[in-house]
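The values are calculated or read from the model by the stated rules, or taken from the named source; none is laboratory data. The model shown is predicted, which means the values in this text are computed figures rather than measured ones. Cβ atoms come from the backbone with ideal geometry, glycine included; neighbour counts cover every protein chain shown.
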Amino acid sequence: MTRPHPNTVESVRSEDEVIPTNTSETRTETDSLGSVEVPADAYWGVHTMRALQNFPISKRPISVYPELVVALAQVKQAACRANKELGALDPRKQAWIDEACQRIIDGEFHDQFVVGVIQGGAGTSTNMNANEVIANIALEIAGYPKARYDLIHPIDDVNRSQSTNDTYPTALKLAMTASLTTMLTELDLLRISFGRKGREFHEVLKVGRTQLQDAVPMTLGQEFHGFATTLGEDIARLRETIKLLSEVNLGGTAVGTGITADPGYAAAVVRHLSEITGQRLETAPDLVEATSDTGVFMTFSSALKRSAIKLSKICNDLRLLSSGPQAGLGEIHLPPKQAGSSIMPGKVNPVIPEAVSQVAYAVAGADVTVMMAAENGQLQLNAFEPVIAHSLLQSITWMRQACWTLRVNCVDGITPNTEHLEAQVASSVGVITALIPFIGYAEAAKLAKAALATGRPVADLVVEAGLMTREDVTRQLMPSRLSGVHPITQAINVVELKGEPSD
């Protein structure tokens, strides 16, 4: 047989395509398109095999998202219980299918979920992968060989009363909820870490900056407390989206009309799924609209992007505050994690904040993907939910891991460069802002200009000008006053005001 040239598309497909198997033996399975050889030890079947052949794109199977695999099994388990309750599924088959689903929920057989995360068909390949795996596990539990679909069928039994169009988005919402819950735990731990640093640095005075220019004094603790507060706001915002994910279109089947399902199926399956997951799920009030709409995914993606961007902003601040060590701001020390250069000895880079910012960029890009996929859904179904699923689940996973490494490998080990900060405050002209209520803006501006020109402390210039006593200046420039709001006990004398206010 003639081998294709290594640079041809045929070569790339034939050499790179990997069919997961532990044996060279095969079994023959048949669908409406014909017969296909499937690895004998595989729990998946013909539909999954065709998906592997058609979509060798991402090289990432859906099993990289275990929350999605578990969610698919939970949906199938709820479906078989609802079908049994309504008399639509033989009790023996239901018991076998139920046990098969539970084994997947418990973590078994995840390696059998092999279809790629990027696929055509609105998730049909993923749904069929689940149907086939569950059917063959159920057959094994019942004591039958794989592929005895005349006994337990992937579609007629496992997929009864269902369509990809209601099971897949429902499973995705469950997976997002589970994944987001663990991500929020890490985000909250990061918030707590910043809060601890805020308390640790509460007496460390520094020069605040606006537009990268010296402004007025504040404490390093206030800055880090601000980081904690902004993360807390995002945690609250993301938790709100979990409520939106609780509305599902399960029972709507193909286009939301519920065709092939018992009239009582939608209510029954959502009730069972709520019991299985421990979540308070609700059937969407308009199943036709819910089947075609992906607005909830856009809302969630936008909230996640917001959190990622704010996290990146914090990382940018950490990098800037730690810049140096000799020629930068040098206000804080980040824990050194690795050598920073292959040519410059001793250089250490802020690699952790840099990595987290890159995660934020990826999350922002994924949000654009979700937006485009949502906009391009036509009529009664959005065919692009697989890329929505991949984009969101990957973003959540990366955000979770980014929060962990930022906390453990960076924030927990940050220390202040106290002496440097004290020297900056002592030489800062910005402290004169605190004296404006006592000497007026015009005098403060003149003295600030003089301080910059001569390099002398503004406190000395104020006293020499006879505007305040040394004792009063010292009191007003105390760190506790500079970094907080305190009552003004001395006002500018009325006699100092000359002329009428002008336009």
Hey, can you tell me all the residues within the range 427-485 that are crowded, with 17+ Cβ neighbours inside 10 Å and among the β-branched types (Val, Ile, Thr)? Val429, Val431, Ile432, Thr433, Ile439, Val458, Val462, Val463, Val473
Which one is surrounded by the fewest Cβ atoms within 10 Å (Cβ to Cβ) among residues in the range 241-257 that are touching a residue at least 24 places away in the same chain (Cβ under 8 Å) and part of a helix (DSSP H, G or I)? Leu244
Having 3 or more residues that are assigned by TED's automatic domain parsing to the domain that holds Leu190 and touching an Asp or Glu at 6+ places or on another chain (Cβ under 6 Å) is the bar; report the helices (runs of 4 or more DSSP H) wholly within the range 260-359 that clear it. 295-321
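Across the range 199-227, what is the number of residues that are assigned to a helix (DSSP H, G or I) and buried (at least 20 other Cβ atoms within 10 Å of the Cβ)? Talk me through it step by step, then tell me what you get.
Within the range 199-227, the subset assigned to a helix (DSSP H, G or I) is 199-200, 220-227.
Subset that is buried (at least 20 other Cβ atoms within 10 Å of the Cβ): 220-221, 223-224, 227.
Qualifying residue count, the range 199-227: 5.
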Can you name the number of the only condition in (1) part of a helix (DSSP H, G or I); (2) of a type outside the set (A, V, I, L, M); (3) at pLDDT below 90 that Asn22 fails? (1)
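Among residues belonging to the range 300-331 that are over 30 Å from Cys101 (Cβ atoms) and of a type in the set (S, T, N, Q), point out the one that is surrounded by the most Cβ atoms within 10 Å (Cβ to Cβ).
It comes out as Ser307.
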Name every residue in the range 344-369 that is loosely packed, with under 14 Cβ neighbours inside 10 Å and more than 25 Å from the chain's Cα centre (by Cα), in order of residue number. Met344, Pro345, Gly346, Lys347
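Rundown of residues vs (1) without any contact (Cβ under 8 Å) to a residue 60 or more places away in the chain; (2) not charged (D, E, K, R), yes/no style:
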residue: Glu85; (1), (2): no, no
residue: Ala88; (1), (2): no, yes
residue: Gln94; (1), (2): yes, yes
residue: Ile97; (1), (2): no, yes
residue: Glu108; (1), (2): yes, no
residue: Gly120; (1), (2): no, yes
residue: Gly123; (1), (2): no, yes
residue: Ile137; (1), (2): no, yes
residue: Pro154; (1), (2): no, yes
Take the residues in the range 185-198 that are surrounded by fewer than 22 Cβ atoms within 10 Å (Cβ to Cβ) and under 12 Å from the mean Cα position of the chain (by Cα); name whichever of them is nearest to Trp404 (Cα to Cα). Glu186
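When only residues in the range 216-262 that are among the polar types (S, T, N, Q) and within 20 Å of Ser307 (Cα to Cα) count, which is modelled with the lowest pLDDT? If you could, list the steps in order and put the result at the bottom.
From the range 216-262, those among the polar types (S, T, N, Q) are 219, 222, 229-230, 241, 246, 249, 253, 257, 260; that's our starting set.
Filter again for within 20 Å of Ser307 (Cα to Cα), leaving 229-230, 241.
Working: Thr229: 95, Thr230: 96, Thr241: 92.
If we take residues in the range 216-262 being among the polar types (S, T, N, Q) and within 20 Å of Ser307 (Cα to Cα), then Thr241 is modelled with the lowest pLDDT.
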List every residue pair whose Cβ atoms lie under 6 Å apart, where the two residues are 6 or more positions apart in sequence or sit on different chains, the first residue falls within the range 286-300 and is closer than 13 Å to Ser246 by Cα, and the second residue, located anywhere, is outside any helix (DSSP H, G or I) and of a type outside the set (Phe, Trp, Tyr). Ala290/Asn249; Ala290/Ala284
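Being within 26 Å of Gly123 (Cβ to Cβ), touching a strand residue (DSSP E or B) at 6+ places or on another chain (Cβ under 7 Å) and among the β-branched types (Val, Ile, Thr) narrows it down to one residue among Thr170, Thr177; which is it? Outline the logic, then answer.
Numbers: Thr177 fails: touching a strand residue (DSSP E or B) at 6+ places or on another chain (Cβ under 7 Å).
Only one candidate passes the filter, namely Thr170.
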Quick check: anything in the range 153-164 among the basic types (Lys, Arg), within 30 Å of Glu29 (Cβ to Cβ) and at pLDDT 95 or above? yes
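Give Thr253, Thr283 a once-over and let me know the one that is at negative phi and of a type in the set (Val, Ile, Thr).
Working: Thr253 fails: at negative phi.
From the options Thr253, Thr283, the qualifying one is Thr283.
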Close pairs from the range 429-456: first at pLDDT 85 or above and in a helix (DSSP H, G or I), partner of a type in the set (S, T, N, Q) and exposed (fewer than 15 other Cβ atoms within 10 Å of the Cβ), Cβ under 7 Å, at least 6 apart: Phe438/Gln490
Is there a residue being in contact (Cβ under 8 Å) with a residue 60 or more places away in the chain, surrounded by 19 or more Cβ atoms within 10 Å (Cβ to Cβ) and either among the hydrophobic types (A, V, I, L, M, F, W, C) or farther than 30 Å from Leu86 by Cα (or both) anywhere in the range 258-266? yes
Can we say Ser341 is surrounded by fewer than 21 Cβ atoms within 10 Å (Cβ to Cβ), within 23 Å of Lys243 (Cα to Cα) and hydroxyl-bearing (Ser, Thr, Tyr)? no
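Here is a check on your reading of the model: is Asp156 assigned by TED's automatic domain parsing to the domain that holds Leu311 and surrounded by fewer than 16 Cβ atoms within 10 Å (Cβ to Cβ)? Give the steps one after another, and end with the answer.
Details: assigned by TED's automatic domain parsing to the domain that holds Leu311: no; surrounded by fewer than 16 Cβ atoms within 10 Å (Cβ to Cβ): yes.
The answer is no for Asp156.
Can you tell me which residues in the range 363-422 are small (Gly, Ala, Ser), closer than 26 Å to Pro66 by Cα and in a helix (DSSP H, G or I)? I'd like the intermediate steps shown before the answer.
Of the range 363-422, the ones small (Gly, Ala, Ser) are 364-366, 373-374, 377, 383, 389, 391, 395, 402, 413.
Still in the list and also closer than 26 Å to Pro66 by Cα: 364-366, 373-374, 383, 389, 391, 395, 402.
Across the range 363-422, the qualifying residues are Ala364, Gly365, Ala366, Ala373, Ala374, Ala389, Ser391, Ser395, Ala402.
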